[in-house]
Amino acid sequence: MTVGFIGTGNMANAIVRGMVGSGGFPAGDVVVFDRNASKRDLLGSDLGVRVVASAEELVEASDVVVVSVKPQGIPALLTGLADQIADRRRVVVSIAAGTPLERLESFLTTDAAPGAQTAVVRVMPNVNAMIGAGMSAVTGNEAATAEDVATVLDVFRAVGEVVEIPESQFSTYTAIAGSSPAFTYLFIDALSRAAVAGGMPKAQATQIAAQAVLGSAKMVRESDKSPWDLIDTVCSPGGTTVAGLLALEDRGFLSTVAHGVGATIARDKEMNAGG
Ligand SMILES: NC(=O)C1=CN([C@@H]2O[C@H](COP(=O)(O)OP(=O)(O)OC[C@H]3O[C@@H](n4cnc5c(N)ncnc54)[C@H](OP(=O)(O)O)[C@@H]3O)[C@@H](O)[C@H]2O)C=CC1
Ligand SMILES: O=C(O)[C@@H]1CCC=N1
């Protein structure tokens, strides 16, 4: 099975590097195209994946076509490829935020295959796919068979964990897993900047903060305690942690995070509605 990527920016780079790096996908089974020759060629020279010179050539060469351009670029791209995609019976995967299956289907409707519906699978990955630590949600349209969805799950499983969720949950999912790496990087940077204020070199502080966040995430996943209960295990009576925790709450830490997640969901829904 050949998987092709149209658009080799931040996200496709992460996925393709993760796929090939994981050893789960031979470089020869991955095809890439980007309108910037230098970007697509870099993936070819770094990984040995097949590089093609047009989107049409990519559709011709790929069983699964992953559209990895910004949401604004999708209408023109898919409309231009709709006849060929229907004719070749390709499975289309979109990783775009704020772009529902129904809209993707509307761009793929074609007179070349009246009544036939293209299989479309929507995925929300995250950028940690680059190191095989991604988290991706997957959902298929009516035309996507269980086998199509399973194939796409396999692709994204090669770069991290996968979960199948209903499309109605995609906005919420996007906030807590698609966008949240940025929020978490910000948290790590905030920890390390505060340590710089305390006199520690930035590079060292960042590595220490990152390991503390990594270990905390592992603990949440592996412990049978809830995060709330784990907080109590760190807070010694009259100690340092509870002092810091109360100061964070004094500035509304929890509600600030919830506010950020809410704004992310709202923006995704606005994009879903065409905004
Ligand atoms: N970045 C992230 O963490 C995540 C992103 N996503 C989704 O992934 C998608 C891609 O995002 P991201 O990788 O960040 O975006 P980028 O802008 O980094 O990458 C998109 C690439 O596609 C190229 N491109 C645009 N239109 C075409 C076209 N018609 N044919 C060929 N190449 C084209 C762009 O070229 P040019 O530079 O010239 O525009 C660019 O190189 C988005 O839809 C986003 O919602 C989903 C989850 C996480
Ligand atoms: O910011 C965005 O719109 C994309 C979707 C999730 C992460 N990046």
Has the stretch 90-99 got at least one residue that is away from ligand 1 (no atom under 13 Å from the Cβ) and over 20 Å from the mean Cα position of the chain (by Cα)?
-> yes
Qualifying position, being of a type outside the set (S, T, Y), within 14 Å of ligand 2 (Cβ to nearest atom) and not assigned by TED's automatic domain parsing to the domain that holds P100, among L186, L191 | L186
What are the residues in the stretch 227-257 that are open to solvent by 60 Å² or more (accessible area, probe 1.4 Å) and either within 30 Å of S168 (Cβ to Cβ) or in a loop (DSSP other than H, G, I, E, B) (or both), if any?
-> P227, W228, S236, P237, G238, R251, F253, L254, S255, T256, V257
Would you please name the residue that is surrounded by the most Cβ atoms within 10 Å (Cβ to Cβ), looking only at residues in the stretch 129-142 that are within 8 Å of the chain's Cα centre (by Cα) and either near ligand 1 (Cβ under 9 Å from one of its atoms) or touching a residue at least 60 places away in the same chain (Cβ under 8 Å) (or both)?
-> A129
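Looking at T151, is it more than 16 Å from ligand 1 (Cβ to nearest atom), touching a residue at least 60 places away in the same chain (Cβ under 8 Å) and in contact with a strand residue (DSSP E or B) (Cβ under 9 Å, 6 or more places away or on another chain)? Let's see the steps before the verdict.
Working: more than 16 Å from ligand 1 (Cβ to nearest atom): yes; touching a residue at least 60 places away in the same chain (Cβ under 8 Å): yes; in contact with a strand residue (DSSP E or B) (Cβ under 9 Å, 6 or more places away or on another chain): yes.
Spelling it out, T151 is indeed more than 16 Å from ligand 1 (Cβ to nearest atom), touching a residue at least 60 places away in the same chain (Cβ under 8 Å) and in contact with a strand residue (DSSP E or B) (Cβ under 9 Å, 6 or more places away or on another chain).
Go through the stretch 143-171 and give me each residue that's of a type in the set (A, V, I, L, M, F, W, C), open to solvent by 10 Å² or more (accessible area, probe 1.4 Å) and at pLDDT 95 or above. So that I can check it myself, show each step before the final result.
To start, the set of residues in the stretch 143-171 that are of a type in the set (A, V, I, L, M, F, W, C) comprises 143-144, 146, 149-150, 152-153, 155-156, 158-159, 162-163, 165, 170.
Okay, now just the ones that are also open to solvent by 10 Å² or more (accessible area, probe 1.4 Å), so 143-144, 146, 149-150, 153, 158, 162-163, 165.
A143, A144, A146, V149, A150, L153, V162, V163, I165, listed by residue number.
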Kindly provide the set of residues from the stretch 172-217 that are open to solvent by 70 Å² or more (accessible area, probe 1.4 Å) and under 19 Å from A14 (Cβ atoms), ordered by number.
-> I176, F183, Y185, L186, L214
Within the stretch 77-100, restricting to residues that are part of a loop (DSSP other than H, G, I, E, B) and away from ligand 2 (no atom under 16 Å from the Cβ), the one that is most open to solvent (accessible area, probe 1.4 Å) is R89
State all residues of the stretch 49-62 that are farther than 9 Å from V30 by Cα, in a loop (DSSP other than H, G, I, E, B) and either open to solvent by 80 Å² or more (accessible area, probe 1.4 Å) or not polar (S, T, N, Q) (or both); if no residue qualifies, say none.
-> V52, A53
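Name the residue that is farthest from ligand 2 (Cβ to nearest atom), counting only residues in the stretch 1-23 that are open to solvent by 50 Å² or more (accessible area, probe 1.4 Å) and of a type in the set (G, A, S). It would help to see each step written out before you state the result.
Within the stretch 1-23, the subset open to solvent by 50 Å² or more (accessible area, probe 1.4 Å) is 1, 10, 17, 21-23.
Within this subset, residues satisfying the condition of being of a type in the set (G, A, S) are 21-23.
Details: G21: 21, S22: 21, G23: 26 Å.
Among those residues, the one meeting the criterion is G23.
The values are calculated or read from the model by the stated rules, or taken from the named source; none is laboratory data. What you are looking at is a predicted structure, and each value in this text was computed from that prediction instead of being measured. Don't worry about glycine lacking a Cβ; one is built from the backbone with ideal geometry, like all the others, and counts go over all protein chains shown. All accessible areas refer to the heavy atoms of the entire protein, side chains included, with ligands and DNA or RNA removed. Shrake-Rupley method; radii C 1.70, N 1.55, O 1.52, S 1.80 Å.
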